[in-house]
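The values are calculated or read from the model by the stated rules, or taken from the named source; none is laboratory data. Computed from a predicted model, the values in this text were never measured in an experiment. All Cβ positions, even for glycine, are placed from backbone atoms using ideal geometry, and neighbour counts span all protein chains on display. We work out accessible area using only protein heavy atoms, side chains counted, and drop any ligands, DNA or RNA first. Shrake-Rupley method; radii C 1.70, N 1.55, O 1.52, S 1.80 Å.
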Amino acid sequence: MSQPNNPLHGVKLADIVEYLHNKYGWEMMGAQVNIRCFTHNPSIKSSLKFLRRTPWAREKVERWYLKSLKEKGN
């Protein structure tokens, strides 16, 4: 299925979380999206597990990622 207007098409959730972690770190991620997987013993693995099961949190992370890319100028 083609999704030409979806900026997240083809972008893996793992890539999004790693990008945000590398750019902002866990502390800023927890401040931006207040979820335990970012604030208490954070890891990529635990974050991915939670975000895959929690649509509202995933949506917040994806929106922040897109906003971050716009600010970067991509």
- Picking from Gly25, Gly73, which residue would you name as being modelled with pLDDT under 95, open to solvent by less than 100 Å² (accessible area, probe 1.4 Å) and of a type outside the set (A, V, I, L, M)? Gly73
- Note on the structure: Inside the range 31-61, the number of residues satisfying the requirement of being under 13 Å from Leu13 (Cβ atoms), in contact (Cβ under 8 Å) with a residue 24 or more places away in the chain and open to solvent by 40 Å² or more (accessible area, probe 1.4 Å) is 4
